[in-house]
Amino acid sequence: MSLFAKKPLHQLLAQAEDSEKGLKRTLGAGNLVALGIGAIIGAGLFVRTAAAAGQAAGPGVTLSFIVAAVGCAFAGLCYAEFAAMIPIAGSAYAYSYTTMGELIAWIIGWALIMEYALGAATVSIAWSEYLNKLFGGAIPYEWSHSPFESFTDSSGVHHSGIMNAPALVILLLLTLLLIRGTQESAMVNMIIVIIKVGIVILFIALGWQFINPANHTPYLIPEGTAPVVDQAGKVIADYSGWNKHGLGGVLGGAAIVFFAFIGFDAVSTAAQEAKNPKRDMPIGILGSLVVCTILYILFGHVLTGVANWKDFVDPEKGREASVAYAISQYMTGYGWLAQAVTVAILAGFSSVILVMLMGQSRIFYTMSNDGLIPKAFGELHPKYKTPYKANWILFIFVGLFAAFVPGHVAGDLTSFGTLFAFVLVSAGVWILRVKQPDIERPFRTPIYPVVSALGVLICTAMIIGLDSQTLKVAFAWMAVGLVVYFVYSRHHSKLKNFNEILPHASDFEQKK
Ligand code: ALA
């Protein structure tokens with residue numbers, strides 16, 4: 001069978017209808033926007049905004065948000081076209097199976113593991129940072145950081161991480177919850193979203209009066225900025241790279257804060273539960289993106305105005321739990337807000353982790369049904385009817401990353417996986433318009449093919465803006481994926497059998 005054999009569209013739609021029997025269409029446009037915001041606002045905003053400012057963009061992190069949002073908007077429009085046309089869980093993986101064939105679908109599925117599984121790991125690491133902040137730093141550095149992290153404090157004591165235990169604990173709790181079957185109603189999600197958005201708006205409104213204009217000058221990190229070293233002389237930030245200062249730094253910052261937008265595509269995995277997917281999927285995907293973009297730009301402006309971006313480089317200052325730091329250091333009289341923000345952020349992170357773990361198990365479920373990964377991933381718990389084996393395997397995998405890998409490494413890999421999927425979804429819309437122009441498209445990406453082409457270009461540029469170390473690890477991960485495909489998946493694919501039974505399946509599709 002050809003590596004590029006495609007799953008016939010009618011088969012995909014039939015699958016969607018089949019599983020409709022089991023899934024209730026209960027989500028309206030408002031719920032979908034809320035679902036998107038629930039999955040979007042998390043560690044990206046509350047942790048990586050400061051990281052991007054401190055490592056690459058300075059106060060220009062607001063511009064980084066705009067660049068990242070534009071890339072997401074193009075990809076988001078393409079997602080909206082697909083999600084309205086093929087309302088099936090499985091998202092980018094399923095879309096590419098029908099447009100670009102099995103090998104590319106496999107590659108996307110493999111990249112999506114980076115998005116969802118490593119996304120969950122990253123947010124659990126951020127959860128651990130904010131928990132430590134809430135406890136006044138009572139959790140020892142050694143037990144709340146990976147072995148790859150170390151620093152020498154102002155008293156000259158050297159600390160090295162052993163494992164990130166709190167991150168592991170939150171993952172375990174949420175995995176148990178997922179296995180029990182989360183009846184996370186739209187209402188509960190809505191409440192979490194209201195709290196999260198409320199906190200962001202409160203910080204923007206109250207912080208505005210504490211903005212010190214001097215912190216915004218210069219707006220970009222100047223060329224020639226000296227590296228920052230810790231007490232032991234170890235370099236903790238180096239600004240010499242093209243993507244670490246000036247306008248290049250804005251792009252480098254965009255690659256870092258891109259993480260903050262991840263999640264709008266998770267709306268597309270709820271397509272089978274949408275009441276009116278044709279109308280509501282585009283509203284859910286694009287609406288959540290617009291709301292978050294506006295909030296992010298304002299938030300970045302206030303954060304880098306209240307505290308100086310240089311504070312966000314120093315592990316003893318605001319590098320971790322940056323929002324709580326900025327409030328407690330510079331917003332006199334608002335100490336209570338720092339505590340309240342921390343609690344709300346912890347709750348907010350939990351929902352992001354939950355959605356990520358759930359999204360990943362749905363992708364695994366779909367890939368397992370297609371035969372590309374072992375059956376165990378698709379097996380349901382006899383009592384709770386959840387893919388419990390997939391959840392446990394996922395816990396081990398995600399837990400290893402959360403416990404032993406630094407947050408920024410897992411976060412950058414997450415961004416790589418997502419950007420990669422975005423590139424292929426943007427290209428996929430174009431390919432399907434050319435190959436199957438007559439399919440009913442309830443939502444059409446405007447200014448075609450410019451939007452698809454720009455989606456591919458901007459997301460590729462952001463991939464290039466990622467750290468070179470991240471790119472090496474990501475390519476190694478993708479290479480492992482190819483080995484798995486050729487050794488296992490190719491031989492177990494059900495599509496192969498489908499084509500054997502119906503050798504003219506694609507003809508059938510044309511005639512339909
Ligand atoms: N966008 C999600 C976050 O920032 C993944 O936590």
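The values are calculated or read from the model by the stated rules, or taken from the named source; none is laboratory data. Small disclaimer: the values here were computed from a predicted structure and weren't measured. Every residue, glycine among them, receives a Cβ derived from its backbone with ideal geometry; neighbour counts consider all protein chains shown. For accessibility, only protein heavy atoms count, side chains too; no ligands or nucleic acids. Shrake-Rupley method; radii C 1.70, N 1.55, O 1.52, S 1.80 Å.
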*What number goes with the only condition from (1) open to solvent by less than 10 Å² (accessible area, probe 1.4 Å); (2) modelled with pLDDT of 90 or more that residue 295 does not pass?*
(1)
*residue 195 passes all but one of (1) away from the ligand (no atom under 16 Å from the Cβ); (2) open to solvent by 70 Å² or more (accessible area, probe 1.4 Å); (3) under 27 Å from the mean Cα position of the chain (by Cα); (4) in contact (Cβ under 8 Å) with a residue 12 or more places away in the chain; which number fails?*
(1)
*Return the pairs, sorted by first residue and then second, in which the second residue is of a type in the set (Val, Ile, Thr) and near the ligand (Cβ under 6 Å from one of its atoms), the first residue lies in the range 38-50 and is in contact (Cβ under 8 Å) with a residue 40 or more places away in the chain and in a loop (DSSP other than H, G, I, E, B), the beta carbons are less than 9 Å apart, and the residues are 6+ apart or on different chains.*
41/352; 42/123; 42/262; 42/352
*Does the range 245-276 hold any residues that are under 14 Å from residue 60 (Cα atoms), more than 16 Å from the ligand (Cβ to nearest atom) and touching a Gly at 6+ places or on another chain (Cβ under 6 Å), and which are they?*
250, 251, 252
*Being crowded, with 24+ Cβ neighbours inside 10 Å, closer than 20 Å to residue 391 by Cα and at pLDDT below 85 is the filter here, so list the residues in the range 84-130 that pass it.*
90, 91
_Among the residues of the range 433-451, are any in a helix (DSSP H, G or I), buried (at least 22 other Cβ atoms within 10 Å of the Cβ) and away from the ligand (no atom under 16 Å from the Cβ)?_
no
*Tally the residues that are open to solvent by 50 Å² or more (accessible area, probe 1.4 Å) and either of a type in the set (Lys, Arg) or free of Cβ contacts under 8 Å to residues at least 40 places away in the same chain (or both), restricting the search to the range 143-159.*
3
*residue 394 vs. criteria among the aliphatic types (A, V, I, L, M), open to solvent by less than 20 Å² (accessible area, probe 1.4 Å) and not in a helix (DSSP H, G or I)*: no
*Restricting attention to the range 116-166, and to residues there that are among the aliphatic types (A, V, I, L, M) and within 16 Å of the ligand (Cβ to nearest atom), which single residue is farthest from the chain's Cα centre (by Cα)?*
131
_Cβ-Cβ under 6 Å, sequence separation 6+ or interchain: first residue in the range 222-234 and over 19 Å from residue 58 (Cβ atoms), partner among the aliphatic types (A, V, I, L, M) and open to solvent by less than 60 Å² (accessible area, probe 1.4 Å). Which pairs?_
230/236
*Scan the range 233-251 for residues that are open to solvent by 70 Å² or more (accessible area, probe 1.4 Å) and part of a loop (DSSP other than H, G, I, E, B) and jot them down.*
234, 238, 240, 242
*Residue by residue through the range 314-324, note down the ones that are touching a residue at least 24 places away in the same chain (Cβ under 8 Å) and open to solvent by 10 Å² or more (accessible area, probe 1.4 Å).*
314, 315, 316, 319, 320
*Being surrounded by fewer than 24 Cβ atoms within 10 Å (Cβ to Cβ) and either without any contact (Cβ under 8 Å) to a residue 12 or more places away in the chain or part of a helix (DSSP H, G or I) (or both), is that true of even one residue in the range 252-265?*
no
